[in-house]
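Asks: Before I ask anything, let me first share the structure, which is written out below as structure tokens.
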Amino acid sequence: MNAKKFQVITNVYCLAVGLILFFLHITLFHELYNSSLKFWDFRQLIESKIEVHGTYLAMWIGFAIIILVYKIRIESKKYFIIFIFLFMVGYFFYWQYIIGSRMPFVATIIVCFFCLSKNVIQVTIASVLLISLTFILVFKVDRIGERFEKLKNYKLSFPEGKYEDNYPNISNEQIRNGIYFCGYEISKAEPIVGYGVGDVDAKLQSCYDEKYRNTDTYKVTSYNSHNEYLNIILSSGILGLVLFLFSQYLLLKRAFHHKLGIYISFVFFIFLNFSFENILSRHDGVIFFGFFNSLLFFQKNNLNEKSIN
């Protein structure tokens with residue numbers, strides 16, 4: 001595929017993401033600026049409108065931002081186009097902030113500031129900006145800032161009580177604590193080859209039922225492992241994880257061999273998101289990863305290079 005066709009595809013992708021967010025902005029305008037609306041209630045409104053989990057939407061937005069940053073570097077002298085792209089980057093970051101998914105938000109910042117930097121000075125400036133932004137988010141109590149605030153006061157605890165009555169006091173961190181604890185516990189029984197893809201969720205649910213009898217949190221909603229690497233260990237064992245990581249190494253090797261900065265950025269971006277979500281357990285994640293990985297794997301030119309085909 002030549003660079004021109006590749007640019008058309010990425011332009012359409014960024015436009016599609018922008019249209020989705022504009023649709024949400026219009027349909028949820030009053031709720032968006034309602035400070036009394038709780039974070040999770042707003043997330044559910046978003047998900048009900050487009051039927052996409054908030055984490056996956058934030059991930060799509062994040063990769064669109066990365067693409068736009070590359071395009072800004074290309075169009076270094078076309079100031080009107082740069083202005084449009086910068087506006088889109090700001091608007092997309094705004095929606096990542098509103099959605100409140102921490103890992104896609106942080107992964108986007110890391111990839112944009114580090115993987116796209118060319119020299120030591122840029123990396124230094126990026127480091128200062130990243131530290132400053134993180135500091136602001138941790139101390140600002142508002143949507144994603146509220147979620148960072150919870151991390152600042154993090155304590156190892158698990159859900160308690162009936163979810164319907166106590167859900168305001170049951171945090172996402174407590175739920176994940178229970179998930180990761182059970183993931184660790186059941187992994188010890190089959191560490192080499194795992195339980196198989198079809199049995200992992202049932203094993204996790206069995207652990208939830210046994211370990212957390214004083215709450216129905218894990219009965220109201222079914223929770224997977226919320227970590228792609230952990231999910232692979234549970235389904236395929238250490239052997240499966242080694243093979244998976246080797247396959248990812250091959251992707252990076254090809255990206256570095258052809259010096260494809262955008263492919264390197266994509267792979268690192270996905271790696272980071274794998275850490276807190278089962279990206280490949282939903283079609284939203286499978287299609288996203290499969291499409292762009294296939295597109296970039298067979299691409300031999302960056303966005304700003306002429307095709308040799």
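The values are calculated or read from the model by the stated rules, or taken from the named source; none is laboratory data. Since the model is a prediction, treat every value here as computed from it, not as a measurement. Cβ sites come from the backbone with ideal geometry, for glycine too, and all protein chains shown count toward neighbours. The accessibility values were calculated without ligands, DNA or RNA, using every heavy atom of the protein model including side chains. Shrake-Rupley method; radii C 1.70, N 1.55, O 1.52, S 1.80 Å.
Asks: Can you pull out every residue in the stretch 278-309 that is outside any helix (DSSP H, G or I), open to solvent by 10 Å² or more (accessible area, probe 1.4 Å) and at pLDDT 90 or above?
Replies: Matches in the stretch 278-309: ARG282 only.
Asks: Based on what the data block shows, is PHE29 open to solvent by 50 Å² or more (accessible area, probe 1.4 Å) and modelled with pLDDT of 95 or more? First the steps, then the outcome.
Replies: Details: open to solvent by 50 Å² or more (accessible area, probe 1.4 Å): yes; modelled with pLDDT of 95 or more: no.
Answer is no for this residue.
Asks: Here's a follow-up. Quick one: which helices (runs of 4 or more DSSP H) sit completely within the stretch 186-272 and have at least 2 residues that are free of Cβ contacts under 8 Å to residues at least 40 places away in the same chain and among the charged types (D, E, K, R)?
Replies: Numbers: elements: 200-211, 217-220, 228-257.
By residue number, 200-211.
Asks: Here's another thing I want to ask about it. Please enumerate the residues belonging to the stretch 173-188 that are in contact with a Cys (Cβ under 7 Å, 6 or more places away or on another chain) and charged (D, E, K, R).
Replies: Quick first cut of the stretch 173-188, residues in contact with a Cys (Cβ under 7 Å, 6 or more places away or on another chain) only: 182, 185-186.
Once the filter is applied, which keeps residues that are in contact with a Cys (Cβ under 7 Å, 6 or more places away or on another chain) and charged (D, E, K, R), the stretch 173-188 yields only GLU185.
Asks: Residues of the stretch 44-65 being open to solvent by 10 Å² or more (accessible area, probe 1.4 Å) and closer than 14 Å to SER101 by Cβ, which ones? Outline the logic, then answer.
Replies: Kept after step one, since they are open to solvent by 10 Å² or more (accessible area, probe 1.4 Å), are these residues of the stretch 44-65: 44-45, 47-53, 55, 60.
If the condition is that a residue be open to solvent by 10 Å² or more (accessible area, probe 1.4 Å) and closer than 14 Å to SER101 by Cβ, then GLN44, GLU47, VAL52, HIS53, THR55, TRP60 are the ones that fit.
Asks: Of (1) under 28 Å from ARG102 (Cβ atoms); (2) of a type in the set (S, T, N, Q); (3) surrounded by fewer than 21 Cβ atoms within 10 Å (Cβ to Cβ), ASN231 satisfies all except one. Which?
Replies: (3)
Asks: Condition (residue is within 17 Å of the chain's Cα centre (by Cα), modelled with pLDDT under 85 and open to solvent by less than 50 Å² (accessible area, probe 1.4 Å)) applied to the stretch 125-142: is it met by at least one residue?
Replies: No: the stretch 125-142 contains no residue that is within 17 Å of the chain's Cα centre (by Cα), modelled with pLDDT under 85 and open to solvent by less than 50 Å² (accessible area, probe 1.4 Å).
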